[in-house]
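The next block holds one structure in the form of structure tokens; read it before the comments.
The values are calculated or read from the model by the stated rules, or taken from the named source; none is laboratory data. Treat the numbers as computed from the prediction; the structure is a model and nothing was measured. Glycine also receives a Cβ, built like all others from the backbone with ideal geometry; neighbour counts cover every protein chain displayed.
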Amino acid sequence: MTTPRGYENLVQCPYNKVHQVENGRRFQTHLIRCRREYEKTHSTEKVYCPFNTTHLINELERGLHMETCPDRVAVDKFVAPIVDSSNSLYKNDSIKMFSTPSTADDWDAQPPTEAYNPEKYCEENNIIRKCNGMQPAQRKAFRQNEHLRLGNIREHQ
Ligand SMILES: [Zn+2]
Ligand SMILES: [Zn+2]
């Protein structure tokens with residue numbers, strides 16, 4: 001089956017496989033109309049977008065949404081260990097927290113003889129990756145949590 005010229009960019013409507021609509025604005029309009037019609041006669045299951053929990057989408061549209069979600073870029077970054085500004089941000093904290101070598105000894109399973117290496121530590125514990133892709137508010141909350149967690153560990157030493 002060959003695709004006619006100018007029709008390479010067709011998207012299949014999630015509500016009716018027979019609907020093949022040109023991608024872009026036209027498809028968006030179609031989707032809204034088709035969804036409305038579909039919801040009149042069917043009950044639809046709603047799911048949250050894995051990239052952004054403020055996106056509530058119909059289960060049927062999930063695959064489509066995941067391909068087009070504007071927040072997908074941030075999560076791609078989350079998967080790939082890209083070093084960004086949050087790296088240096090976290091590093092500063094780590095250096096401050098581990099300035100005394102005696103406390104670093106009890107930190108997780110780090111061998112006591114090994115000098116603390118924030119970069120290696122973060123790499124091993126996925127901390128940089130967790131920071132990536134977060135919104136500034138989330139990042140702040142994450143760092144506050146880390147402070148609390150580290151505070152607890154210190155108290156129990
Ligand atoms: Zn449709
Ligand atoms: Zn989304």
Please determine whether any residue of segment 63-70 is at pLDDT 90 or above, crowded, with 17+ Cβ neighbours inside 10 Å and over 21 Å from residue 138 (Cα atoms). yes
Search segment 20-35 for residues that are free of Cβ contacts under 8 Å to residues at least 24 places away in the same chain and pair each with any residue that is within 8 Å of ligand 1 (Cβ to nearest atom) and of a type in the set (Ser, Thr, Tyr) when their beta-carbon atoms are under 7 Å apart and the residues are at least 6 apart or on different chains. 34/15
In contact with a strand residue (DSSP E or B) (Cβ under 8 Å, 6 or more places away or on another chain) and away from ligand 1 (no atom under 16 Å from the Cβ) - does that describe any residue in segment 25-40? no
Enumeration of residues in segment 19-41 that are assigned to a loop (DSSP other than H, G, I, E, B) and at pLDDT 95 or above: 19
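Regarding residue 78, is this residue at pLDDT below 90 and at negative phi?
Numbers: at pLDDT below 90: yes; at negative phi: yes.
Yes: the conditions hold for residue 78.
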